[in-house]
Amino acid sequence: MSKFSTHNFSGEKALIRVDFNVPLDKKTLEITDDTRIRAALPTIKKILQDGGSVILMSHLGRPKEGPEEKYSLKHILDHLSKSIGTEVKFADDCISESAKQQAADLKPGEVLLLENLRFYKEEEKGDEAFAEKLSKLGDVYVNDAFGTAHRAHASTAIIAKFFPGDKKMFGLLMEGEVSSAEKVLHSAEKPFTAIIGGAKVSDKILIIENLLERATDIIIGGGMAYTFMKAQGGQIGTSLCEEDRLDTARELLKKAEAKGVCIHLPADSVIADKFDANADVSSALSKAIPDGWMGLDIGTMAIDAFTNVLHKSKTILWNGPMGVFEMEKFQKGTKAIAVAVAEATEKGAFSLVGGGDSVAAVNQFGFADKVSYVSTGGGAMLEYFEGKELPGIAAIKH
């Protein structure tokens, strides 16, 4: 059993770092996707059921110079109250005297949301005095913000030192994230296939290098596949290519070969005459794309080959789409991969989907509940799989 599950919060004020950095409609400032709020509910509800009270702290957006109206967390208050099922109180500052008073006055079963932490520069600087002021608001510190675990900010990494060992812990969301990631990184059942997509090789070099030590198969799709194609002497037309990464791509292929890791590149592609939802579309071998055309999705041969690999896999990590799935003409590949991952999961594989675009894809195509775990932290998940120690995790473990 986990520390959080066995802890009784009765009579305690739990200070929870959540990740409520949710997208808001630019005009109405209404929430357009509440995944992150829903993800935190089990942690909040367990504390309230125990007879504790909850103080929530989060950031929202990237305010530049102090408070900005559009980044105020008051915009999420109504939605949050409805989601939790109790009226959430609001402190219009996170460390003011009135915030302190509101926290002190909280009764069991009550919830208080603090104003955006990033209205103070000290949050991102990891300022110790600021972290100490925040720590005075609660009796127990719970970090449930995996999405910010890779940042050494005051509320995620520094604050933990002001709580004794038995009064700082991960929430249920963070526990789920960490145990899923650790399962894939440290105890993956083989064959272990990593699907790496997205536009740039440069963004994914570290994760591929780390996975070469662990995976049996690495499937590469998305724009980055064409840098690999060109590195092997292929003709890629006007497809996305990082010219300065061709040597890197060749080195990664060599390393994979030396380690016996199978790298799968898309044999064919759906190609277009321009980057546009209404472009003319054709198909071509990925290493023989005509001049003036660009690859924007994986083709049918690639889909079949990748699906075969996934069906044999026991562990799957998916980070990054196979094409420009936001445009209907170029979403077939990403959708087919989602189907294959879901089918492999149904047959007993453990599948972890992480990274903003892959998460958006499984949600868009309705597969979120057909994979083992969908990570809420894009950047944090990437850094974890690059082999880095995340400050927000280290602060509680050590």
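The values are calculated or read from the model by the stated rules, or taken from the named source; none is laboratory data. Fair warning: this is a prediction, and the values are worked out from it, not measured in the lab. Neighbour counts are summed over all protein chains in view; Cβ atoms, including those assigned to glycine, are modelled from backbone coordinates with ideal geometry.
Across the range 170-188, a minimum of one residue is classified as under 27 Å from Ser313 (Cα atoms) and assigned to a loop (DSSP other than H, G, I, E, B).
In the range 1-92, counting only helices (runs of 4 or more DSSP H) that sit wholly within it, the ones holding 1 or more residues that are aliphatic (A, V, I, L, M) span 35-50, 77-84. Whenever a residue of the range 357-370 is within 20 Å of Gly223 (Cα to Cα) and in the same structural domain as Arg38 (by TED's automatic domain parsing), it has no partner that is crowded, with 16+ Cβ neighbours inside 10 Å and among the β-branched types (Val, Ile, Thr) lying with C-beta atoms less than 9 angstrom away and at least six residues away or across chains. In this structure, Asp25 qualifies as out of contact with any His (no Cβ under 7 Å at 6 or more places or on another chain) and among the acidic types (Asp, Glu).
Considering Ala256, Ala302, Ala288, the condition of being closer than 17 Å to Ala194 by Cβ, in contact with a strand residue (DSSP E or B) (Cβ under 6 Å, 6 or more places away or on another chain), surrounded by fewer than 24 Cβ atoms within 10 Å (Cβ to Cβ) and small (Gly, Ala, Ser) is satisfied by Ala256 alone. Search the range 120-134 for residues being surrounded by fewer than 20 Cβ atoms within 10 Å (Cβ to Cβ) and not charged (D, E, K, R), and hand back the single one that is nearest to the chain's Cα centre (by Cα). Only one residue tops the list, namely Gly126. Out of Gly165, Gly197, one residue alone is of a type in the set (Gly, Ala, Ser) and surrounded by 23 or more Cβ atoms within 10 Å (Cβ to Cβ). It is Gly197.
Is the range 331-351 home to any residue that is among the charged types (D, E, K, R), over 30 Å from Val140 (Cβ atoms) and out of contact with any helix residue (DSSP H, G or I) (no Cβ under 9 Å at 6 or more places or on another chain)? No: the range 331-351 contains no residue that is among the charged types (D, E, K, R), over 30 Å from Val140 (Cβ atoms) and out of contact with any helix residue (DSSP H, G or I) (no Cβ under 9 Å at 6 or more places or on another chain). Taking the range 309-398 and the helices (runs of 4 or more DSSP H) fully enclosed by it, the elements with 1 or more residues that are more than 18 Å from Asp34 (Cα to Cα) and under 16 Å from the mean Cα position of the chain (by Cα) are at 378-385, 391-397. When Glu110 is tested against (1) farther than 23 Å from Phe9 by Cα; (2) among the acidic types (Asp, Glu); (3) out of contact with any Asp or Glu (no Cβ under 7 Å at 6 or more places or on another chain); (4) surrounded by 16 or more Cβ atoms within 10 Å (Cβ to Cβ), only condition (1) is not met. From the list Val22, Val88, pick out the single residue that is over 23 Å from Ser375 (Cβ atoms), hydrophobic (A, V, I, L, M, F, W, C) and touching a helix residue (DSSP H, G or I) at 6+ places or on another chain (Cβ under 6 Å). Step by step, each of Val22, Val88 is checked, and only Val88 is over 23 Å from Ser375 (Cβ atoms), hydrophobic (A, V, I, L, M, F, W, C) and touching a helix residue (DSSP H, G or I) at 6+ places or on another chain (Cβ under 6 Å).
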